[in-house]
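These notes are about the structure you will find just below.
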């Protein structure tokens, strides 16, 4: 398979000077079903982008605070919960479902165990969503339930592989 990139569209930065390439197309050899190894990354991205569709947008919210890879998995958020990404959750012992962790809860969810990975509206029914069970997070970007603070949940979350640190002042 051959792909052609209009070189006039590309510019190369050489020793601080932008140099426009000639208007002649530059052939790019790409083997079928093989990784693209020729050419700059932007050429590969334009070839790989074909066939992909947008799944929405993401605005960085700063909940990640370190280089540890976040560990995520599916959970069920309890009926009646409408929570934002970054909410500290506890697990209900009897059902295994999750809800915002509050210090006064008596159903097991008083113990914070995970961080909600996406906004989730379960006001009308239980909802499957994703949660983080490992990684480093900015304690200032998280949402805490009544009776919980970053200082109060830091060690409990560490037991579940979640580390909190203060990365920024919000």
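Tabulated results
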read-out	value
Cα gyration tensor, the range 71-165 - rounded (a/c under 1.5), prolate or oblate	prolate
Antiparallel bridge percentage (DSSP; both residues within the range 71-165; nearest 5)	75
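We did not get these values from a lab; they are worked out from the coordinates using the rules stated. Only a predicted model underlies this, so the values are computations on that prediction, with no experimental measurement involved.
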